[in-house]
Amino acid sequence: MKSLETLFLDLKDIKVIDNTIPYSKYIPFDLSVSNIALSQVDISNAKDFENYIENLLLKNNALVAFGGYNEIRGLYKRSTVFNNSNSEERNIHIGMDLWIKSGTAVLAALDGKVHSFQYNQNLGDYGPTIILEHQLENHTFYTLYGHLSLESIASLKVGDFFAKGQQLASLGNPTVNGDYSPHLHFQIIKNMDSNFGDYPGVCSKSKLDYYLENCPDPNLLLKILL
């Protein structure tokens, strides 16, 4: 049986935000601790961070900034969700972020049904979140869409079906999205365990191997960089 990752390589024309924006308008964005330029920006302030992203896009004649898979970040130090004295710090991002203005349409990556959804309200959390369940040959897997608008989950029901490319949601603003510059957190998950409406998008160093195996690189599906 082919692995899920191998099956992903054969899929084409998959987008998770506004289908009218070509990949030529995407630029990579480094949010890691090694990006010295970020030391000049208060990324813990959502408005300052949003201004930085907007200026970056304008400078590069782009509409979307993307990246973040397996990236060590300092952004999470502001929140006890990721950084507290009772557990190992979680600072390694295991999804892909796509940074673009609030209200942007979020699309279902593939045919799937709503597994769960939830408003994750903690500082630095996902805000409104939707998880879809998919079948591909003999594999069941999931995709997570975080930092959405509240309207996106207002009338949603578990089991609702969405076709590939159909609008699933829209992006939220900092008042609801965990206090971030607007963006989509997109993540692939093989095994959900007992999680419902939520799944870790950031992990600790000691658990990185497990999460990289359970959460493959989203670019295998999106193919933004080949």
Phi-based couplings in Hz for region 52-61 (Karplus 6.51, -1.76, 1.60; Gly and Pro marked x): 5, 4, 4, 5, 5, 5, 4, 4, 9, 6
message: Can you divide the C-alpha Rg of region 108-223 by 2.2 N^0.38 Å and report the result to two decimal places?
response: 1.02
- request: Counting only C-alpha contacts under 8 Å and six or more residues apart, can you give the relative contact order of region 114-216 as a whole percent?
  value: 30 percent
query: Using the Cα gyration tensor of region 1-101, with a ≥ b ≥ c the square roots of its eigenvalues, what is the shape: rounded (a/c below 1.5), prolate (a/b larger than b/c) or oblate (neither)?
result: oblate
- request: Please list, in chain and number order, the residues 5+ apart from N70 or on another chain whose amide H is under 5 Å from its amide H, with Hs placed from the backbone.
  value: H93, I94, G95
- request: Run down the lysines and flag those whose C-alpha is under 18 Å from the C-alpha of K101, throwing out any fewer than 8 positions away in its chain.
  value: K15, K25, K47, K59
query: Which loop-located GluC sites (Glu not before Pro) does region 126-226 contain, where loop means any DSSP state but H, G, I, E or B and the Cβ has at most 10 other Cβ atoms within 10 Å?
result: E137
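With N set to the number of residues, divide the alpha-carbon radius of gyration of the chain by 2.2 N^0.38 Å and report two decimals.
Details: Rg = 16.5 Å, N = 226, 2.2 N^0.38 = 17.3 Å.
Dividing the Cα radius of gyration by 2.2 N^0.38 Å gives 0.95.
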- request: Please find the FRET efficiency linking L123 to L9, where r is the Cβ-Cβ separation and R0 is fixed at 45 Å, and quote it to the nearest 0.05.
  value: 0.75
message: Once each part is reduced to its C-alpha centroid, what is the distance from region 142-195 to region 2-18 in angstrom?
response: 19 Å
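Restricting to Cα pairs below 8 Å that are 6+ residues apart, what does the relative contact order work out to for the chain? Please round to a whole percent.
Details: 505 pairs, mean separation 54.8, N = 226.
It rounds to 24 percent for the chain.
For region 1-44, what does the alpha-carbon gyration tensor say about shape, rounded, prolate or oblate, given a ≥ b ≥ c as the root eigenvalues, a/c under 1.5 as rounded, and a/b over b/c as prolate?
Working: a/c = 3.71, a/b = 1.81, b/c = 2.05.
It is oblate, given that a/c is not under 1.5 and a/b is not larger than b/c.
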- prompt: Can you list the residues, at least 5 places off or on another chain, whose amide H is less than 5 Å from the amide H of L110, using H built in the peptide plane?
  reply: G165
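A short reminder: the numbers here are calculations on the coordinates, not readings from a lab. All values derive from a computational prediction rather than experimental measurement. Reconstructed Cβ throughout: ideal geometry from the backbone, glycine too, with neighbour counts over all protein chains shown.
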